[in-house]
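Nothing in this text is a laboratory measurement; each read-out follows from the coordinates by a stated rule. Owing to the predicted nature of the structure, the values given are computational and were not obtained by experimental measurement. Positions of Cβ are backbone-derived with ideal geometry, glycine not excepted, and every protein chain shown enters the neighbour counts.
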Amino acid sequence: MKRIIFAILVLMLVISGCSNAKDENNGTSEPQVSSEANAIEQEVSKKTQTGENASNDKSEEEAVQIKVIMPYGTPTLSMIKMVTENPVISENVTIEYEMIESTDVLTTTLINEEADIAIVPTNMAAVLYNKGIGYKMAGVSVWGILYVISSEDIQSIEDLKGKSISTIGRNMTPDAMLRFVLTQNGINPDEDLTLEYFSGASELATHYISGEGNLSIAPEPVLTSMLMKRQDSKVVLDLQEEWKKVTGMDNYPQVSIIVSEKLANESPEVVKAFLETYSEGIDWVNANPTDAGKYYEALDIGLKAPVVAKAIPGCNMKFLGVDETKEVIETYLKVLFEFNPQLLGGKMIDSGIYFEK
């Protein structure tokens with residue numbers, strides 16, 4: 001099981017862009033993705049043989065109990081209104097929310113199909129689907145949170161040539177996104193500049209705030225904390241805008257919401273009601289950053305209300321269902337697949353991944 005957890009942890013580094021400032025669970029060593037992907041397949045095979053993937057008969061009881069999980073940071077922020085107020089989404093539906101700091105707990109829960117709904121990196125949704133683990137992608141809620149911050153005068157992406165840049169996620173999604181944008185602008189990331197990798201957002205922030213580096217690619221919401229603590233700095237490039245320039249698409253679908261096949265098959269109307277409430281909750285967060293910041297701080301999971309409130313505009317949260325986002329999802333995943341096929345579990349997705357209303 002430890003090998004299984006490690007395999008998906010490797011793919012979870014994209015969460016580092018969404019995590020709070022004290023998350024240091026992301027490794028920097030290059031993963032043995034091919035062998036670990038085989039390990040996941042072996043685990044799925046064992047689960048099938050032991051009946052863990054067997055379908056269950058729908059309960060005759062009308063009550064529906066739903067477990068929702070999400071990592072700290074922007075994924076939790078996107079659902080903060082629901083987590084705090086626990087609104088009634090449908091008659092006889094009970095919802096349990098769990099915020100998870102540890103990525104191994106998050107992935108183990110999903111591998112064992114113990115959650116009904118989860119907020120995950122979009123590429124992880126693809127891995128779960130491609131390995132036969134029973135989840136469907138229902139929509140996208142976070143549209144990119146990576147920015148270039150510097151105390152130097154950087155006017156364009158061409159100005160990065162010859163620079164040393166601190167970043168996170170070696171050989172993973174943040175790395176793939178950065179290298180794609182650089183390459184599309186005629187910049188060789190291995191020859192024209194120097195990339196210095198850190199284990200996670202916390203280590204990255206400490207390095208930059210101390211003045212050891214003057215150029216960094218940072219995710220929200222830790223970006224806002226970095227700007228507040230080193231006031232000679234500013235955002236010089238928005239990687240979401242750079243993505244748009246080279247693809248013609250607005251941002252990229254970094255974080256998605258997935259639902260269990262069991263819940264989707266047995267209670268599709270409940271899923272639809274949940275997604276509608278989630279969408280309304282995200283709209284509320286964007287419109288009420290001060291209150292959302294207070295809600296988040298009340299969870300006592302590492303970020304203070306003023307930082308959260310100030311970071312919200314840069315978190316690019318908006319819920320769109322898969323019926324509106326298939327093209328951008330597949331374009332994004334194709335970029336990741338071409339960078340490293342194992343970021344998607346070894347193959348591109350097909351239409352079976354989607355939960356459609």
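Just to be sure I understand the model, the point goes 7 Å from the Cα along the line to the Cβ. What's the resulting K262 to W284 distance in nm?
2.9
Quick one: of K262/K326; K304/K347; K272/K304, which pairs are farther than 29 Å apart, Cα to Cα?
From the list (K262/K326; K304/K347; K272/K304), the Cα-Cα distance tops 29 Å for K304/K347; K272/K304.
Between L320 and E338, with labels modelled 7 Å along Cα→Cβ, what's the label distance in nm to one decimal, could you check?
2.0
Determine the sum of side-chain charges near L239: Lys and Arg each +1, Asp and Glu each -1, restricted to other residues whose C-beta is under 14 angstrom from that of L239.
-3
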